[in-house]
1. For segment 1-42, how many residues meet the condition of being at pLDDT below 70, farther than 16 Å from LEU60 by Cβ and small (Gly, Ala, Ser)?
2. Restricting attention to segment 36-44, does a residue exist that is open to solvent by less than 100 Å² (accessible area, probe 1.4 Å), among the small types (Gly, Ala, Ser) and not in a helix (DSSP H, G or I)?
3. Taking into account only those residues within segment 69-90 that are under 19 Å from VAL56 (Cα atoms) and in a loop (DSSP other than H, G, I, E, B), which is farthest from the chain's Cα centre (by Cα)?
Amino acid sequence: MGVVGMGILITAYSFIAAVIGAGFASGQEILSFFVVYGKWGGLGIALSAVLFGGFVYLILNACLIFKTDDYGKLSEILLNEKIRKLSDILIAVFMLC
């Protein structure tokens, strides 16, 4: 496996660790957010998987197009200064929560 293959694996494993993490691994998030709604919960699972996959595709594609692997550089390219500052504040708040 070459350098590109290793990069793909590292990226994939990073997303799995970030999304699945402790909540999905224990099953509590799935139970809390999806299972309690019965059949509609299956639709919720499918919709969240499609939305997350689409978001990941867009971000990784933007990283390839702009040849960057740094969040700060990508946000400078894609967002104006006010929205970038708001985004950084929201990220910090969510991290603290």
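The values are calculated or read from the model by the stated rules, or taken from the named source; none is laboratory data. The shown structure was predicted, so the numbers you read here are calculated from the model rather than taken from an experiment. As a convention, Cβ positions derive from the backbone with ideal geometry for all residues, glycine included, and neighbour counts pool all protein chains shown. With ligands, DNA and RNA removed, areas are computed over all heavy atoms of the protein, side chains included. Shrake-Rupley method; radii C 1.70, N 1.55, O 1.52, S 1.80 Å.
1. Count: 7.
2. Among the residues of segment 36-44, at least one is open to solvent by less than 100 Å² (accessible area, probe 1.4 Å), among the small types (Gly, Ala, Ser) and not in a helix (DSSP H, G or I), which makes the answer yes.
3. Filtering first and then ranking leaves LEU79.
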